[in-house]
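Asks: Below you'll find the structure I mean.
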Amino acid sequence: MPQLLLEIFSEEIPARMQQGAARDLERMASERLKAAGLTWDALTTYAGPRRLTLVVDGLPAATPDREEEVKGPKASAPPQALEGFLRKTGLTREQLVERDGVLFAVLSSKGRATADLAAETVDQIVRAFPWPKSMRWGTGSLRWVRPIKRILCVFNGAVVPFEIDGIASDALTEGHRFLGSGAPLRVSDFADYRAQLEKNFVLIDVADRKLRILEQAKAACAARGLVLVDDDGLLDEVAGLAEWPTPILGDMDPQFLALPPEVIQLSMKVHQKYFAVRDPAKAGLAPNFLVVANVEATDGGKALAAGNSRVLSARLNDARFFWDEDQKVGFDAWNAKLSGVTFHAKLGTLAERVERIAALAREIAPLVGADADQAETAARLSKADLASGMVGEFPELQGIMGGYYARLAGYPDAVADAVRDHYKPQGPADTVPTAPVTVAVALADKLDTLVGFFFIDEKPTGSKDPFALRRATLGFTRLVLETGSRLSLDHLVWRAAANLISQMATKPDFLVTEKLPAERTQELRNEALTRGYGFADELANSEAVKSVSFDLESWRLGRLSVWLTVNPLPVGKEWLLADLEQQFEVSFSRWQALTGTLLPFFADRLTVLLRDKGQRHDLVAAVFALGDDDLVRIVRRVEALAAFLATDDGANLLAGYKRASNILRAEEKKGPLPTGMVQTGLPNQPEAETALAFAVGAARTAVETALETEDFAAAMTALAALRAPVDAFFEAVMVNSDIPAERENRLKLLGQVRDVMGQVADFGQIAG
């Protein structure tokens, strides 16, 4: 069957846009050809430095004739309805067909030549192509990423004639800008097109360009006993820069190897698009680089290598300058600069953020087996390199450079490693650090981010997540799960919030000061700062506190009391007692909003993580509903629950649970359910009822014992023992007995079944 070949030839297309453009071309062509009524066997797109190519195999020569029957009004309908239908169809009354008292119009349309449809399709695609950035040129109105030079469009060996903004279609393309013949190449089909371009030093398939780069690069390195440093991202980019990529191995001054390898590699990659090279017999990088040229040099690339070596030396000299200067400055000066750098207008400076992270890292440290002093030290150093010259030049090296500088400054390896790796994991493919100090700082960093932005109501919405909070949550979760860290998420969220509020409470826009003059408020604040905060207990027991409108006992015994004990408000006792209700209602409401949104957000992200591992989302919801905030325990419980439900006992017991729950819900609508001890040995009591009562009691004991030791498999086994008694109960016993005492006892029994199972999970949230 005929083939359609399209090439849009332009000036250089940015490498980062090429693969997206190939996907967009495939999508747009498919949508428009389908809309035109065309079918095909295969549709393929290609993108390169100067061209987008589309080839569609197996197209028909034309679309088939079509006949469509359209239902109209009844034959007895008013004249106005008939007239409207005739206008719509363009037919006369005599051309309509009547069937069972209803009028029908039979509309026929002739098929169209595929070439004509192709011309329309290409015009639509070119004019509506979604480039991230586009431009106009000359006097035309057409927009494209770069000026279009040619449009090749051939169907079944013949040119599809059309014109777009003064550019007429033809069967011509061009080879390599320098290596090609220089003459236009006339082609007839895709095979001819591809063959002629290759003869003229153009590889249209990015996979072919990547393969050529890798094969020749590895061969050039192997000839000198070296190994190429793999970099898939750089490979993708350079494959989009050259139509005929030719790797060339060059040399650099060995003195630059004194720089950190990350600095060398990033200088090569970011500024020059060079690959790094290493000597397999030695640690670190080799004094070489590999550049991918777009020509085949007559001297084997010697001149190109020498020229690129000079350019690289200039770049590395800049990096060496920053490296040397940074070592003269140090952490104290960098941290001092952070006081003048705003992290977020509502969350304070980077220096304030560091203080929060340090306090939280110290809190987390014993929970993950880390030294608290080292965790706090690492946290205080963690953001300092943001003020360094090297990170200013290479933002990608934040954390990495801090690790190097910490080691040079004499800090322990555990501290330096934590500074280096505390941003990890930064994505699903990133590794998770396991060193205890690193884990403590990484958790503190991510949790402070989450608590801060949720506190100021900057949550992700839909596809928008400007502060990468979903990534931070997944990173936190992976750190906890992959290191097996046993943490109370709820407790840590509150401690992070306490640190934040303790800072924010000193700011005028947070304090409620209507009742006191500003001067007096400032006096009290200063007084508190100088004398300390030894009044938390006094406040907790004062009559003023007892009169506050929110839940005092929850505050005293729960989270607010923890906060006040550790981080009391930096204002004086007199002010607090005078304006207590207003101030604490502000704080308390903010905290309530925080926990009401952040903890469910963690549940959602954990659901995503477990779903990717094959776990059902409803099982995660069923476990989270218990109020557990230990992520490790939650996952273990979900895994045990999934295994249990995969058995016949689990599936059947779930069905029994739902039956029992339905009965109980119906009764709850009538009034409170009966509670208390289930009676056995009643007159005429069915054996199945008695058996279930004893089985529930035994299961309760076994489940409670298993949960205390976190033996969730044993808890599921205990529930499995209920399957047969529950089935027998529903087969032999009528719950809604006419005798009130019997009915009440059976409702109590079903309530106990629900309660025992509810200790393991909320089975009501499980589908099935």
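Asks: Quick one: if you stick a label point 7 Å off each Cα along the C-beta vector at VAL270 and ASN652, how many nm between them?
Replies: Placing both labels 7 Å beyond Cα along the Cβ direction yields 6.5 nm.
Asks: Same structure, new question: Between VAL329 and ASP738, 0.36 nm times their residue separation minus their Cα-Cα distance comes to what?
Replies: Contour length minus the Cα-Cα distance gives 138.5 nm.
Asks: If you add up the charges near ALA35, with Lys and Arg at +1 and Asp and Glu at -1, over every other residue whose beta carbon is less than 13 angstrom from its beta carbon, what do you get?
Replies: Working: positive: ARG27, ARG32, LYS34, ARG112; negative: GLU31, GLU120.
Residues close to ALA35 contribute a combined charge of +2.
Asks: Could I ask something else about it? Identify, among ALA119, LEU631, VAL55, the residue whose Cα sits farthest towards the positive end of the charge dipole of the chain, taking +1 on the Cβ of Lys and Arg and -1 on the Cβ of Asp and Glu, with the dipole about the Cα centre.
Replies: So the residue we want is ALA119.
Asks: Show me, for segment 334-344, the HN-Hα J-couplings you get by feeding each phi into the Karplus relation (A = 6.51, B = -1.76, C = 1.60, θ = phi - 60°), rounded to Hz, glycine and proline as x.
Replies: Residue by residue, segment 334-344 yields 5, 5, 4, 5, 5, 5, x, 10, 7, 6, 7 Hz.
Asks: Further question on the same structure: Give, rounded to the nearest 20 debye, the magnitude of the charge dipole that segment 206-329 has about its Cα centre when Lys and Arg contribute +1 at Cβ and Asp and Glu contribute -1 at Cβ.
Replies: Roughly 240 debye, rounded to the nearest 20.
Asks: Report, in cubic angstrom per residue, the convex hull volume of the C-alpha atoms of segment 332-503. Mind dumping the intermediate values first?
Replies: Values: hull volume 19.9 nm³, N = 172.
Measuring per residue, one finds 116 Å³ for the Cα hull of segment 332-503.
Asks: Let me ask you something else. Under a Cβ-only charge scheme (Lys and Arg +1, Asp and Glu -1), can you give me the dipole magnitude of the chain about the Cα centre, in debye to the nearest 20?
Replies: Computed about the Cα centre, the dipole is about 1420 debye.
Asks: Let me ask something else. What FRET efficiency do you get for ASP628 and PHE321 if R0 is 60 Å and r is their Cβ-Cβ distance, rounded to the nearest 0.05?
Replies: 0.65
Asks: If you place +1 on the Cβ of every Lys and Arg, -1 on the Cβ of every Asp and Glu, and leave all else neutral, what size is the dipole of segment 66-109 about its Cα centre, to the nearest 20 Debye?
Replies: 140
Asks: Right, something else. Take VAL227, VAL726 and order them by how many other Cβ atoms sit within 10 Å, fewest up front.
Replies: VAL227, VAL726
Asks: Follow-up question, since we're still on this one. What number, rounded to the nearest 500 deg cm²/dmol, is the helix-based mean residue ellipticity at 222 nm of the chain, given -39500 (n - 2.57) per DSSP H run of at least four residues and division by all its residues?
Replies: Rounded to the nearest 500, it is -16500 deg cm²/dmol.
Asks: Zone of GLU296 (label point 7 Å along Cα→Cβ, backbone N under 18 Å): which residues in segment 208-234?
Replies: Backbone N within reach: 208-220.
Asks: To continue, here is another question. Calculate one ³J(HN,Hα) per residue across segment 224-229 by plugging θ = phi - 60° into the Karplus curve 6.51 cos²θ - 1.76 cosθ + 1.60, and present them in order as whole Hz with x for glycine and proline.
Replies: Those phi angles translate into 10, x, 10, 10, 6, 7 Hz.
Asks: Lys/Arg Cβ at +1, Asp/Glu Cβ at -1, dipole of the chain taken about the Cα centre: which of VAL154, TYR274, SER76 is farthest positive-ward?
Replies: VAL154
Asks: OK, next. Using the Cα centre of the chain as origin and beta-carbon charges of +1 (Lys, Arg) and -1 (Asp, Glu), tell me which of HIS422, PHE729, GLN3 is placed farthest towards the positive end of the dipole.
Replies: Result: GLN3.
Asks: Label-point separation (nm) for LYS282 and GLU731, each offset 7 Å from Cα along Cα-to-Cβ?
Replies: Going from the LYS282 label point to the GLU731 one covers 8.0 nm.
Asks: Throw me the Rg/Rh for segment 1-86, computed over C-alpha atoms with Kirkwood Rh, two decimals.
Replies: 1.32
Asks: Where the centre of each part is set by its Cα atoms, how far does segment 46-124 sit from segment 654-672, in angstrom?
Replies: 56
Asks: Report the gain in length on full extension from ASP65 to THR709: 0.36 nm times residue separation, minus Cα-Cα distance, nm rounded to one decimal.
Replies: 224.4 nm
Asks: Based on other C-beta atoms within 10 Å, arrange TYR423, TYR657 from fewest to most. All intermediate terms of the calculation are to be shown ahead of the outcome.
Replies: Working: TYR423 19, TYR657 22.
Neighbour counts put them in this order, fewest first: TYR423, TYR657.
Asks: Using only Cα atoms, what Kirkwood radius does segment 206-329 have, in angstroms?
Replies: 14.8
Asks: Further, regarding this structure: Could you order the peptides 170-177, 443-450 from most to least packed, using the average number of other C-beta atoms within 10 Å per residue?
Replies: So the peptides 170-177, 443-450, ranked by packing, come out 443-450, 170-177.
Asks: Okay, moving on. Among 283-295, 672-684, how do they line up by average Cβ neighbours within 10 Å per residue, starting with the highest?
Replies: Ranked from most to least packed, the peptides come out as 283-295, 672-684.
Asks: Under 10 °C and 1.306 mPa s, how fast does the chain diffuse according to Stokes-Einstein, given a Kirkwood radius computed over C-alpha pairs? Answer in µm²/s, whole number.
Replies: 47
Asks: Using per-residue counts of other Cβ atoms within 10 Å, averaged over each peptide, order 123-132, 75-84 from highest down.
Replies: Ranked from most to least packed, the peptides come out as 123-132, 75-84.
Asks: On a C-alpha basis, how far is the centre of segment 459-494 from the centre of segment 226-287 in Å? Whole number, if you could?
Replies: If you average the Cα positions of each part, the centres end up 35 Å apart.
Asks: While we're here: Hey, what did the chain get for relative contact order, percent, Cα under 8 Å, at least 6 apart?
Replies: Dividing the mean separation by the residue count of the chain yields 7 percent.
Asks: Further, regarding this structure: Can you run phi through the Karplus equation (6.51, -1.76, 1.60; θ = phi - 60°) for segment 606-616 and list ³J(HN,Hα) in whole Hz, with x for Gly and Pro?
Replies: 5, 4, 4, 4, 6, 4, 5, 9, x, 8, 6
Asks: Please work out the ratio of the alpha-carbon Rg of segment 634-765 to 2.2 N^0.38 Å and round it to two decimals.
Replies: 1.04
Asks: While we're here: Dividing the convex hull volume of the alpha carbon atoms of segment 66-109 by its residue count, what do you get in Å³ per residue?
Replies: Hull volume normalised by residue count: 59 Å³.
Quick note: the coordinates plus some simple rules give every number you see, no bench work behind them. Since the model is a prediction, treat every value here as computed from it, not as a measurement. Cβ: placed from backbone, ideal geometry, glycine included. Neighbour counts: every protein chain shown.
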